[in-house]
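What follows is one structure encoded as structure tokens, with my remarks underneath.
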Amino acid sequence: MGARRRKGRGARGVTAVLVPGMLVSGALASCGVAAPRQIGVPDLRQAAVTGSGEAAVTGSGEAAVTGSGEDTATGSGEDTATGSRRVRATGSGQGRVTDPRRVGVPVPGRATLTAGPAPAPTPTGAGATPSLAPAPPAQAPPSLTRSAVDDAVAGLGGLVRDTMARTGIPGMAVAVVHRDRDVYLKGFGVRRVGAPDPVGPDTVFQLASVSKPLASTVVAGAVGRKAVSWDDPVVKHDPGFALKDPWVTRHVTLADLFSHRSGLPDHAGDLLEDLGYDRRYILGRLREEPLAPFRAHYAYTNFGLTEAAVAVAKARGTSWEALSSEVLYEPLGMTSTSSRFADYARAPDRAFTHVRVGGRWEPGHVRDPQAQSPAGGASSTVRDMTRWMRLQMRNGRFGGKQLIDAAALERTHVPHIVSGPPRAPAGEPAFYGLGWNVGYDDRGRLRLNHSGAFELGAATTVTLLPTEGLGIVVLTNAAPVGAPEAVAASFFDLAENGRVTVDWLGLFGGLFARMDEADRPKADYSRPPAGAAPARSDAAYAGTYANDYYGPLTIGAVNGTLVMRLGPRGERFPLRHYDGDIFSYRTAGENAVGLSGVTFTVGPEGTATRVRLENLDPTGLGVFTRR
């Protein structure tokens, strides 16, 4: 579609939103925040800060940073931030200095910051000028005290219960880690409406797009083992892969696909998954998709990321499902985590998916995301996810062992492309890293986030504040209404400010509702226009129509009703007449949009020569030609 994101579309990603004082996740695509074309950001890890300010900095609103002695400290060496204002560097007559975090130095030890020779020592004694630091700090110091986090954790249960009461969602599990400790693990509600089984810390949920940062962790592990490099062209490991442009095919890298900057359209391939096509077929059809400018356009693509992950598995001579278990899940002790849908489906303590029907949450839908497993097919528990969050914030270490290479992992945590413009002229843009939304709050602290959403019944989010060693994961068994994002944002708000200052559920719920509304067809196909022209005879439309991307489509009469058959299983869709040669059908699957148009083009002989399916035509591939 390109100009906007469709709802659902496989594992729906959620773009980062910078709210004053806090970076939170938000579904923005149809809410006037995400732009159809963004300015590409090169690999910022390569923009090392050397010498005396030789590196160029991109983006708006450069943050000034403190010199030494500028922070306000209280108690036990824990720094306390003063307000949400930006602090300025002092000394040497330099004025404002560029924040080194803007050039890929998000945390201490992750890049080398050199600033030339240190200044000569300053005399001490009465009336002497205080000594100057040789360089500003690489990042803001921690500012949350343990007691502030403990107070927020104490209020978390109330936040969850309030959110569940307002939305009615059946179940939720929440975990918080702080300074390499699990400080909260709890389940709420039930695994399935109509059954008494409760949600607990070991209940298995589908993660949807929270699978993506898990996947980038797996690839970082493979990079650390020298099996691949983030900068390897995909064709090096999967020679059969191709995109529409041969030059892009030769040059697109694993990092390009993991950061959604390949030029593929928004959610390319997801509609094929809805029709029942498998991973091999879908990845083979990406070459049919039109391309936007390479590395200069952000568009969220589940199957682009999936292709990169599969290429890494091929380099190791294994499957993605086996690789993720070998590199991450088993070494980290994530015993209830899997990249196989079958493992989720047979888990005895699993959360069933729910959709809202007539104002009530109902189970029954099954969302099998195996085709896009790296992008949206993992399942896990909040207990397992705490181990992974701790590993992320410990630079790949867990239990005293370096499980994932630190340098390979840090590549996932820095911006690779602008994913959303600032919400205000002096605001911050949103960035995407490798499988992560990447942002910086008003204090310059790195914040990592990703949400996941299945329209067929799952919504999830994870947010990390590595400077503070603080992270939260929220998993739910209901279609996306903003509940997990609201709980996570409220928790951080409570930790930062001592109280919740924003109606986060109202904000996120409204964003998701507007996305859903924007994706629906403009025409109301349930109400034919007054004076609608009659349809032609069934014979004028019946026949087989070809399409290189979606495969064949057949139209035939069944008991006096035209029926369309489409997809590898020949799924049947009854057609209902709307006006003249325009019909409609009820869409199905993750990307269902209700009734959508089916428009026939009739030739001079009175028979249809082409048919266009509205919902399958976001990029011009939805026209079928009669054989």
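Figure the gain on full extension for Arg346 and Arg569 (residue separation times 0.36 nm, minus the Cα-Cα span) and round it to one decimal in nm.
77.8 nm
Under a 5 Å amide H to amide H cut-off, with H placed in plane at 1.01 Å, what residues pair with Ala175 once short-range neighbours are removed?
Counting only residues 5 or more places away or on other chains, the set is Val473.
Mind listing the long-range amide H neighbours of Asp180? Cut-off is under 5 Å, sequence gap 5 or more, other chains count too, H placed in the peptide plane at 1.01 Å from N.
It is none; the list stays empty.
Taking H as built 1.01 Å from N, whose amide H comes closer than 5 Å to the amide H of Glu571, not counting residues under 5 places away?
It is Leu566, by chain and number.
How many nm separate the modelled label positions at Arg280 and Asp202, each set 7 Å beyond the Cα in the direction of the Cβ?
Modelled inter-label distance: 3.8 nm.
Give me a comma-separated list of calculated 3J(HN,Hα) values for the range 208-224, in order, Karplus coefficients 6.51, -1.76, 1.60 applied at θ = phi - 60°, integers in Hz, x for any Gly or Pro.
Using θ = phi - 60°, the values come out as 6, 6, 5, 4, 5, x, 4, 5, 5, 5, 4, 5, 4, x, 5, 4, x Hz.
Specify whether the C-alpha gyration tensor of the range 324-482 places it in the rounded, prolate or oblate class, a ≥ b ≥ c being the square roots of the eigenvalues: rounded for a/c under 1.5, otherwise prolate if a/b is larger than b/c and oblate if not.
oblate
Report, largest value first, the span of the C-alpha coordinates of the range 472-581 along each principal axis, in whole Å.
The Cα atoms of the range 472-581 stretch 70, 37, 25 Å along their principal axes.
Give the calculated FRET efficiency between Asp368 and Ser131 to the nearest 0.05, with a Förster radius of 45 Å applied to their Cβ-Cβ distance.
In this case the efficiency is close to 0.10.
Contour minus end-to-end for Arg360 and Arg499, with contour as 0.36 nm per residue of separation and end-to-end as the Cα-Cα distance?
46.9 nm
FYI, it's all coordinate maths here, none of it is from the lab. This is a predicted model, so every value here is computed, not measured. Neighbour counts are summed over all protein chains in view; Cβ atoms, including those assigned to glycine, are modelled from backbone coordinates with ideal geometry.
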